[in-house]
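Reviewing the structure listed below.
The values are calculated or read from the model by the stated rules, or taken from the named source; none is laboratory data. Quantities reported herein were computed from a predicted structural model and do not represent experimental measurements. Don't worry about glycine lacking a Cβ; one is built from the backbone with ideal geometry, like all the others, and counts go over all protein chains shown. Each accessible area value is taken on the protein alone, full model and side chains, heavy atoms only, with ligands, DNA and RNA left out. Shrake-Rupley method; radii C 1.70, N 1.55, O 1.52, S 1.80 Å.
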Amino acid sequence: MYFDPRPKTKREDLFDRERELKEFITALDSRRPLTVITGIRRLGKTSLLLVGLNEANAPYILVDMRDVNPSSEFDLYKRIEAGLNRLIRERKDMKTKIKGMLSHISGIQILGSGIYLSRVDLLELFETLERLDVVIAFDEVQYAKGPIGRKLTGLIAHLYDYTDLSIVVTGSEVGLLYDFLGIEDPNAPLFGRYFEEITLSRFSEEQGREFLRIGFEQCNVNVADETIGEAVRALDGIVGWLVLFGMSALKNPERALEATLKKATLLAKREFEEFLKRHEFARKRYIAVMRAVALGNKRWSEIKEFLERREKKSISDSVVHRLLTNLVKSSFLEKVRGEYRIADPILEMVFKQGF
């Protein structure tokens, strides 16, 4: 079902991602050491990840890195533990073998229903899992910062160089993901390592219409073409918002877009608030930059002028550059042909209204 809000796990539920899915399965079948799936929020990266892993029939450990504590090894262990236990639940044919292989590793306790990790040597753990051809996937890995980020990048670099494991990482904040990978930092553990990158884009207007049309057919619901067109234009090909609209339209097609925008606005605003918590020292300026772009000031000089008029003082070029860089790295802004734009139409609407 296209309108299921949960990540997809079957090919038939994944709309029009055949090229990306083929690239991902090829990377898995070829045992590429590192595959990177990128794209702004709500484009279906986790769905592509899960469908590809299932299509390749690859045993995998999925580690969800969202909101990981950057200073807590215990938090990292618990997330890897959850991924291991999910593997044991879903691949019962491997349960006994996995438990037997891991039972000798210090820091792992074998339980009736799964396993428990305490202080474990992650290198030893993953080198052991290599014998089972397990794929290791880190979802939204850019949240691994600080001590945990350094530990994880060092671990991935070692596994890249000395094992045949396939590692997959995804990230919605693309610039921060590139920082994690160290693609411009010669001192970073992963610098210079080749990786296969698969990038998800928005749906075109035609794709968005087709997605909604087929989704409504699956649910045996008729929705007017005019209503579908209005939603597609408002939601700009963001799959997650289209799914939210589809779910709302199943209840009340006439009020579906209104309901979608109301809920989506709250979600988008909350996400930006989380960003601001990490940059509290410049909160007002980040809000001002986003509002400047939302109001049509798309060039660097226009944004700088907007900030200076607002603060009634000169602002250095380096400060403006830092603000814009951080917003682009976090995928709230995109830079296209020298102009900035807000990546998500819902967030753009939020800032047009004043945040």
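Counted over all Cα-Cα pairs of the chain, pairs farther apart than 32 Å make up 39 percent. Taking all C-alpha pairs of segment 216-279, those more than 19 Å from each other amount to 34 percent. In percent, rounded to a whole number, the relative contact order of segment 177-328 is 12, using alpha-carbon pairs under 8 Å and six or more apart. Extents of segment 286-345, taken as max minus min of Cα coordinates on every principal axis and listed largest first, are 30, 21, 20 Å.
Tally the DSSP beta bridges in segment 56-214 and give the antiparallel ones as a percent, rounded to 5. Around 25 percent of the beta bridges assigned by DSSP in segment 56-214 are antiparallel ones. Of the DSSP H helices in the chain, those that are both long (alpha-carbon extent of 27 Å or more along the helix axis) and hydrophobic (Kyte-Doolittle mean at least -0.5) are 256-277. From the convex hull of the Cα coordinates of segment 94-222, what is the mean projected area in square nanometres? Over all viewing directions, segment 94-222 projects a mean Cα-hull area of 12.2 nm².
Semi-axes of the equivalent ellipsoid of segment 252-314 are 30, 16, 7 Å, computed as sqrt(5λ) over the eigenvalues of the C-alpha gyration tensor in descending order. Projecting the alpha carbon convex hull of segment 115-157 along each direction and taking the average yields 3.7 nm².
Using just its DSSP H runs of length 4 or more, each adding -39500 (n - 2.57), the chain gives a mean residue ellipticity at 222 nm of -16500 deg cm²/dmol after division by all residues. Subtracting the Cα-Cα distance of ASP64 and LEU276 from 0.36 nm times their residue separation leaves 74.1 nm of extension gain.
Straight-distance candidates among the aspartates and glutamates for linking to LYS10, with alpha-carbon spacing under 12 Å and chain neighbours fewer than 8 residues away dropped: GLU55. In this structure segment 1-114 gives 47 Å² per residue of accessible area when probed at 1.4 Å with all protein chains present. Bridge orientation summary for the chain: considering DSSP beta bridges with both residues in this region, about 30 percent are antiparallel.
Computed over the Cα atoms of segment 1-124, the ratio of the radius of gyration to the Kirkwood radius (Rg/Rh) comes to 0.99. Which shape class applies to segment 194-238: rounded if a/c is under 1.5, otherwise prolate when a/b exceeds b/c and oblate if not, where a ≥ b ≥ c are the square roots of the Cα gyration tensor eigenvalues? It comes out oblate by the Cα gyration axes.
What the Cβ-Cβ distance of GLU130 and ASP4 gives, at R0 = 30 Å and to the nearest 0.05, is a FRET efficiency of 0.35.
The residues of segment 202-336 have, on average, 54 Å² of accessible surface per residue, using a 1.4 Å probe with all protein chains present. In a reduced charge model with +1 at each Lys and Arg Cβ and -1 at each Asp and Glu Cβ, the chain shows a dipole moment near 1100 debye about its Cα centre. Listed by chain and number, the lysines placed with their C-alpha closer than 26 angstrom to that of LYS151 are LYS45, LYS78, LYS99, LYS277, LYS329; residues fewer than eight positions away on the same chain are left out. The distance linking segment 158-207 with segment 243-264 is 34 Å (Cα centroid to Cα centroid, whole angstrom). Can you compute log10 of I(q)/I(0) for segment 1-62 with the Debye formula, treating each Cα as one identical point scatterer, at q = 0.14, 0.16, 0.17, 0.23 Å⁻¹? These q points yield log10 I(q)/I(0) values of -0.36, -0.48, -0.54, -0.99. Relative contact order of the chain: 19 percent, from C-alpha pairs under 8 Å at least 6 residues apart in sequence. Stretched out straight at 0.36 nm per residue, the stretch from LYS78 to ASP225 would grow longer than its current Cα-Cα span by 48.2 nm. Peptides 69-82, 89-102 ranked from most to least packed, by the mean per-residue count of other Cβ atoms within 10 Å: 69-82, 89-102. Pairwise alpha-carbon distances in segment 220-347 exceed 24 Å for 39% of all pairs.
The stretch between GLU206 and SER316 holds 35.2 nm of extra length on full extension. This uses 0.36 nm per residue minus the Cα-Cα distance. Based only on the alpha carbon positions, what is the Kirkwood hydrodynamic radius of segment 119-187, in angstrom? Every distinct Cα pair counted, the radius reaches 12.7 Å.
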